[in-house]
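The values are calculated or read from the model by the stated rules, or taken from the named source; none is laboratory data. Given the structure is predicted, the values throughout are model-derived calculations rather than measurements. Cβ: placed from backbone, ideal geometry, glycine included. Neighbour counts: every protein chain shown. For the accessible areas, the whole protein counts, side chains as well, though only heavy atoms, and no ligand, DNA or RNA atoms are used. Shrake-Rupley method; radii C 1.70, N 1.55, O 1.52, S 1.80 Å.
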Amino acid sequence: MSVKESAEGVPTEAAHRAATLREELAKHNYSYYILDAPTIPDAEYDRLLRELEALESKYPSLVSPDSPTQRVGAAPVSGFLEVQHAEPMLSLANAFSDDELHAFARRLRDRLSAAGVDPQEALAFMAEPKLDGAAISIRYEQGRLTQAATRGDGTTGEDVTHNVRTIKSVPLRLRGTDVPAVLEVRGEVFMPRAGFARYNREAAERGEKVFVNPRNAAAGSLRQLDPRLTARRPLEVFFYGIGQVDGWDVPLRQSDMLKRLERWGLRLCPDAEVVDGVEGCLDYYQRLGARRDELAYDIDGVVYKVDRRDHQRMLGSISRSPRWAIAHKFAAQEELTIVRDVEFQVGRTGALTPVARLEPVFVGGVTVSNATLHNIDELRRKDVRIGDTVIVRRAGDVIPEVAQVVLDRRPAETQIVELPEHCPVCGSDVVRPEGEAVARCAGGLYCAAQRKEALRHFASRKAMDIVGLGTKLIDQLVEADLVHTPADLFRLTVEQLQSLERMGQKSAENLLAALEKSRETTLQRFLFALGIREVGEATAAALATHFGTLEALQGADEGALQAVPDVGPVVAAHVCAFFAEQHNLQVIDELLACGVHWPEVSKPASTEDSPLYGKTVVLTGTLSTLSREDATAALTALGAKVTSTVSTKTDFLIAGEKAGSKLAKAEALGVPVLDEQQFLELAK
Ligand code: D41
């Protein structure tokens, strides 16, 4: 019996198998990129892809341009062709303040009411993050990707089809049977922060050029001549609009139009929302701004768009920008300035951190005159010299850092920075263990800098919370030789304090009262205050809950410590080393003798009995009775793992007030959602 063959001599079975594989792969791609809920492990996906590749290489007539094997099909190009955009790619006007946003809303209302729209009607807006990447227009004909172009000047862009095809979140073919004859979609190609960091680390290891920021990385990657190079860049895409359309009755609302795009397999930004009026816009701006550092990608503001497309049409555009949309920018996060000096700061653990003293510059809403260079390796890698012009970057509350030297502006005379051999504070040797990036002062608590940092940490709000004992006062106490260990704080007298500069009797008494108050603490705070390496707040809480008493913790060996959720070998070793040190035990004894005490830890019969033990939990929205940090600490103490993104691996979403996209996603994925009350019940 002969095998059935199709016209090109391909066995029907092989053709069927190829079709099935493509369908499977497309389904998994959709789950992965659109639903953000992977259905199979990466390795399994790769196996299916390889099977398809093998079939296609055996029967080349099976290959089609939209096969998932054909992402990196094209050979390098010698240059970029021009593309005329069928519909121009407009740009966005900017608002830099709330006032400018109010003015935008006023203009909208005036124009719309002149066009007959009831000015009382509340306007709905699409509010979305403004990604810092590269704008792209992608054309699908009969559902197949035919062309991708950069924005260029808005009228003419460059053909980057060969590169865009390598981006896995860009479908080569749209899902479904009801796809338009022609559909141009517009969006932003970007490099997520994690991918950017990983890419740069690996590039640096290979001695290649690193990217200054994710925006340059995205734009640069699209302009590669060889698509095989682009394919190695971790690029992603979010779509936010359309260009030319043929054969689709576009929905009335922008938000509904986007939902339709999503069903065709085009990825949207998960953090976009429909909001009401300017108030809704400003509220979104605040909320997104607060989450800016947690987002997986860089943004430089928020975009608001009138949701009704008939209103958009009435408003029209002016000089290449639509009147119906505006970008509300965040304060710039990068600026240029000059390095005046580089000094080494000594931290609590003796780590020497190079810090650049800068010509003051306004960035991210504050004036920056110091920026960290992290460690000596980073300083060498970036080759920062005194006299250089550098890019300083500031992200939210994070310490400003020197991102890069602008070599074009390097003056003829610069000074190279050397790691000091002796601690700039106490003169002890500086040691740098083999293979470690961090150099440390070997002086321990002999070093005044380390003592100051240890005391500052001990007194801080989340540790012993000694109100009024700030940096300046600690510096004075250490310099006057009044305080060597934390226990000395509790032995201070009014007379000693009054001998300090700018310290009257009243302030001295207030400080003693604050010290008195801080003696009553919790085991968790006390453990955190000790400043054991790698023991942060959450770990301190987990240790306190698990062991219940200081004695039990001190008696634990590394094995017993690792039984605590989230305590691994490194933390366990640091804890053991801390309690093995005689002078640490002495300080603890003295603190207890000075009256530091805490209530017994109420320990659940066993954390393993908690319904939250071992569960993966995501927090969203605002809880009314406890802060995000306290909720995280409580969950960690119960043995739960707190993560930031909802996926199929999430066991519970705890949703407070104003929960947004995470709640929607949890509901879509069927992840159980707890409100605050239910969470507190379970955490009892
Ligand atoms: O995230 C962005 N960068 C973004 C850019 C966005 N979310 N929406 C945008 N919307 C538009 C209009 C309203 C003109 C369709 C844009 C851009 N334009 C844009 N990106 C680059 C130039 C214009």
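Structure notes:
- Cα-based radius of gyration of region 1-128 once divided by 2.2 N^0.38 Å, which approximates compact folds: 1.86
- Backbone HN-Hα couplings from phi across region 133-150 [Karplus 6.51/-1.76/1.60, Hz, Gly and Pro as x]: x, 10, 6, 9, 10, 10, 10, 10, 10, 6, x, 9, 5, 10, 7, 10, 9, 6
- If a spin label sat at a point 7 angstrom from the Cα of Leu680 along the line to its beta carbon, the backbone N atoms of region 618-645 nearer than 12 Å would be those of 623-627.
- Fraction of accessible area attributable to carbon and sulfur, the chain (%, probe 1.4 Å): 49
- Convex hull volume per residue, computed on the Cα atoms of the chain, equals 224 Å³.
- Annotation note: trypsin sites (Lys or Arg not before Pro) in region 372-479 located in DSSP loop regions with a Cβ neighbour count of at most 11 within 10 Å are Arg461.
- Per-q log10 I(q)/I(0), region 484-631, q = 0.14, 0.18, 0.20 Å⁻¹ (Debye; single scatterer per alpha-carbon; no solvent): -0.81, -1.12, -1.27
- The listed residues His574, His311, His374, once ranked by accessible area (1.4 Å probe) with the largest placed first, stand as His374, His574, His311.
- 16 Å Cα-Cα reach of Lys472 towards lysines, excluding residues that sit fewer than 8 places from it in its own chain: Lys452
- Take region 523-658 with all the other protein chains still there, run a 1.4 Å probe, and you get 47 Å² of accessible area per residue.
- Annotation: Ile654 carries an accessible surface of approximately 0 Å², with a 1.4 Å probe and no ligand, DNA or RNA atoms counted.
- Under 25 Å from the Cα of Lys641 - lysines, other chains or at least 8 residues apart: Lys462, Lys603, Lys615, Lys649, Lys658, Lys662, Lys665, Lys684
- The alpha-carbon of Lys382 sits under 27 angstrom from the alpha-carbons of these lysines, leaving out residues fewer than 8 places away in its chain: Lys209.
- Here the simple spin-label model places points 7 Å from the Cα toward Cβ, and for Ala480 and Asp153 these points are separated by 7.1 nm.
- Glu87 accessible area, assembled protein chains, probe 1.4 Å, Å²: 90
- Between 0 and 90 degrees, the angle of helix 193-205 with respect to the longest Cα principal axis of the chain falls at about 80 degrees.
- Legend: translational diffusion of region 504-583 by Stokes-Einstein, Rh = Kirkwood radius over C-alpha pairs, 4 °C, 1.567 mPa s; D = 94 µm²/s.
- Share antiparallel - DSSP beta bridges, region 555-662, percent rounded to 5: 10
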